[in-house]
1. Within the group Ser140, Ser125, which residue is open to solvent by 40 Å² or more (accessible area, probe 1.4 Å) and polar (S, T, N, Q)?
2. Modelled with pLDDT under 85 and open to solvent by 30 Å² or more (accessible area, probe 1.4 Å), is that true of Asn293?
3. Which residues, taken from segment 195-216, are loosely packed, with under 14 Cβ neighbours inside 10 Å and outside any helix (DSSP H, G or I)?
4. Looking only at strands (runs of 3 or more DSSP E) that fall completely inside segment 217-306, which ones have 3 or more residues that are under 15 Å from Val206 (Cα atoms) and touching a Leu at 6+ places or on another chain (Cβ under 8 Å)?
5. Evaluate segment 8-20: report whether one residue or more is under 30 Å from the mean Cα position of the chain (by Cα), part of a helix (DSSP H, G or I) and modelled with pLDDT under 90.
6. Collect the residues in segment 179-194 that are within 13 Å of Ser281 (Cα to Cα) and either in contact (Cβ under 8 Å) with a residue 60 or more places away in the chain or open to solvent by 60 Å² or more (accessible area, probe 1.4 Å) (or both), keeping them in residue-number order.
7. Would you point out which residue out of Ser160, Ser124, Ser192 is in a helix (DSSP H, G or I) and either over 29 Å from the mean Cα position of the chain (by Cα) or modelled with pLDDT of 80 or more (or both)?
8. Any residue in segment 77-95 that is buried (at least 18 other Cβ atoms within 10 Å of the Cβ), touching a helix residue (DSSP H, G or I) at 6+ places or on another chain (Cβ under 6 Å) and over 16 Å from Leu11 (Cα atoms)?
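The values are calculated or read from the model by the stated rules, or taken from the named source; none is laboratory data. If you're wondering where the values come from, they're calculated on a predicted model, not measured in any experiment. Counting neighbours? That spans all protein chains shown, and the Cβs are built from the backbone with ideal geometry, glycine included. Protein only, heavy atoms only, side chains kept; ligands, DNA and RNA dropped before computing areas. Shrake-Rupley method; radii C 1.70, N 1.55, O 1.52, S 1.80 Å.
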Amino acid sequence: MDSSLILIIVLILLLFFSGFSSGSETGMMASNKVKLRNLSKKSKGAKRALNLLQRPDILLSAILVGNNFANILASSIVTLLVIDYFGGNVLLGSVILTIVILIFSEITPKTIASVYPEKFAEKSSWVLKKLIFIFNPIISFTNLISSKILASFNINPKDSAENDNLNTEELRTLLQDHGDLIPTQSRMMLSSILDLEDLTVEDIMVANSEIVGIDVTSDIEEAKLIISSSFYSRLPVYEGSIDKIIGILHLKDAHHFIENFKNTHEHLSEPYYVSQSTKLSRQLKEFQILDKNIGLVVDEYGEIEGLISIEDIFQEIVGKFDVNNNSMEIQTINKSTVQVDANIKVRDLNKKLNWELPESGAKTLNGLIIDYLEDIPQNKLCIQIDNYSMEIIELEDNSISKLKISKNK
């Protein structure tokens, strides 16, 4: 066989190998590790690719050594061919080789690999593993020098595995940007679960003034009415005020409780107290560990500030149920104006209308306005908070009961 033909065949093989190396580099580095982990359940190639990505320094060394070896050898062969056929015009050969490498060994394979990174990584992993074995002496030597340089910048290649860990905000962004295939309701629930890490008990608790419980000093018929209309499976029982808590009634014991209304302690469990600053994720875990369903929320001084139940946390995840006609808390007047119950939580209103009322201070609209005015309003008035105009339209018992809110354009 003619020697020139052999050189051309070897050149084509080298260009093909160079293209494979370039594509492998892009495919391995651009592949989604979550997808690879899913593929690894059925594919040995995906599992191999994941193992290779544990040490990107070794992987990149093998790819770059192979790629540079192929390109340098291809350059030498082109030089020989140029001497034989183009009168030694090395510049012409270099230009031709550069164009060929760019098109067939760089742009084309890297584009394909960027479109199908997991497939490319899966298919190329076997060859890359062999390359690491073949070039092991060179890789070890280059990595030894490279590691010394990286150490001077306090960089450890093994730490790359930690980059797979995502924080709450990154997971939320991932869900927003790539959650189109997830049903809207499920996506909202996942987002709410992530919110549990940021929210505290105080954010969703039922305020002290709104706690529904049984006052043993009241009439027995009133107690029956509260029990029959309760959404919760447990109710606090107190004497005169919620600050004088006696215990917690489970509704399954309601019949015996009513029969022995004057001897209330017999069918009550001990009250369980929680801090208002506890994260919701932790509180949910505490409910599970202690087998509790309801807790009385206390501040730093031990004063009862509200109540939280496991149902409240579940509602935070799946959304509120309208069993108590909560939909009437918000009445739409027009596209940018609503009438609301002033005791509605600011966070609930923001989620419902996609607004951005401040949530860092008071939890209810009533509290937000009182904080803004630094006083309890005695008359109907209009105020402006951020980009929202608020009109007090009803006052009751030294508190705001109804509001009209408009979002300014």
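1. None of the other options fit; the residue is Ser140.
2. Values: modelled with pLDDT under 85: no; open to solvent by 30 Å² or more (accessible area, probe 1.4 Å): yes.
Judged against the criteria, Asn293 is not a match.
3. Once the filter is applied, which keeps residues that are loosely packed, with under 14 Cβ neighbours inside 10 Å and outside any helix (DSSP H, G or I), segment 195-216 yields only Asp198.
4. 234-239, 294-298
5. Within segment 8-20 (the criterion being under 30 Å from the mean Cα position of the chain (by Cα), part of a helix (DSSP H, G or I) and modelled with pLDDT under 90), the answer is no, since none of the residues qualifies.
6. Scanning segment 179-194 gives Ser192, Ile193.
7. Being in a helix (DSSP H, G or I) and either over 29 Å from the mean Cα position of the chain (by Cα) or modelled with pLDDT of 80 or more (or both) holds for just one of Ser160, Ser124, Ser192, which is Ser124.
8. No, segment 77-95 contains no residue that is buried (at least 18 other Cβ atoms within 10 Å of the Cβ), touching a helix residue (DSSP H, G or I) at 6+ places or on another chain (Cβ under 6 Å) and over 16 Å from Leu11 (Cα atoms).
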